[in-house]
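Structure, as structure tokens:
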């Protein structure tokens, strides 16, 4: 599957249009030029250079060891293979503890890495940081729910937002981050009903991973889509096992999201 040359580059405005049209947004991770090019050819809308590279590329148990220099290196590689998709990069652990630090590090990801948007994990406590980035013209995706950089604090990879109080807090955080200037939200491992409620109270695109089918788009880690991590997490599917070819697997993932066949109930969590 190849991208038609007349298709324009994905922008934040385009993502907003897709949300309004209820046209599913397809996102996937990549960490180098070769795979970024394949994702681009498959018409993926957003490529995330995730700090998940710490686990699937570097072999660590968590994302915590990933540094800013690692992220810039991998983002710059992916940028060379990305012509159509919007390129988003994670801000790694402890790289955005305050507005000044976040601005300096986000600037490096954009200037040296070629990122067009940065993603940061957090909750309502990150409002000041998001506002500072937004004031300086830096597109931001706020990551709520399961936050891998906080895995030691959370005590494991667990579904987040279960229960009335936790759900209400996540909804408040989502609105606060949007109002601070976030351009997109990513919800990871939250009950499907809660994700739908969050989507209903914000005006920006909501991307899910293990967050049910009612988000504006979906994202998975590339290595899970290609069956490279052993047993994939519950919210993922090994599309390579179904197709036997990398390009076909990527095309199958894109089609499944576009046609709302993925995720199914078996990939979602309940309260």
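Computed from the coordinates by the stated procedures, all read-outs in this text should not be read as laboratory data. What you see is a predicted model; the values in this text were computed from it and never measured. Note that each Cβ is placed from the backbone with ideal geometry, even for glycine, and that neighbours are counted across all protein chains shown.
Listed values, structure above:
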| item | result |
| --- | --- |
| Qualifying residue in the stretch 61-69 (condition: over 22 Å from residue 150 (Cβ atoms) and free of Cβ contacts under 8 Å to residues at least 60 places away in the same chain) | no |
| Selection from the stretch 238-260 of residues that are within 19 Å of the chain's Cα centre (by Cα) and over 19 Å from residue 46 (Cα atoms) | 238 |
| Boolean, residue 120 is within 18 Å of the chain's Cα centre (by Cα), buried (at least 24 other Cβ atoms within 10 Å of the Cβ) and under 19 Å from residue 205 (Cα atoms) | yes |
| Candidates 211, 251, 182, filtered to the one that is within 20 Å of residue 87 (Cα to Cα) and in contact with a strand residue (DSSP E or B) (Cβ under 8 Å, 6 or more places away or on another chain) | 182 |
| Within the stretch 233-271, tally of residues that are surrounded by 19 or more Cβ atoms within 10 Å (Cβ to Cβ), in contact with a helix residue (DSSP H, G or I) (Cβ under 8 Å, 6 or more places away or on another chain) and part of a loop (DSSP other than H, G, I, E, B) | 6 |
| Residue in the stretch 143-153 that is touching a residue at least 24 places away in the same chain (Cβ under 8 Å), touching a helix residue (DSSP H, G or I) at 6+ places or on another chain (Cβ under 6 Å), more than 18 Å from residue 182 (Cα to Cα) and surrounded by 15 or more Cβ atoms within 10 Å (Cβ to Cβ) present | no |
| Total residues in the stretch 191-232, condition over 20 Å from residue 249 (Cα atoms) and in a helix (DSSP H, G or I) | 10 |
| Selected residue (only one of 137, 125 is surrounded by fewer than 17 Cβ atoms within 10 Å (Cβ to Cβ) and closer than 30 Å to residue 192 by Cβ) | 125 |
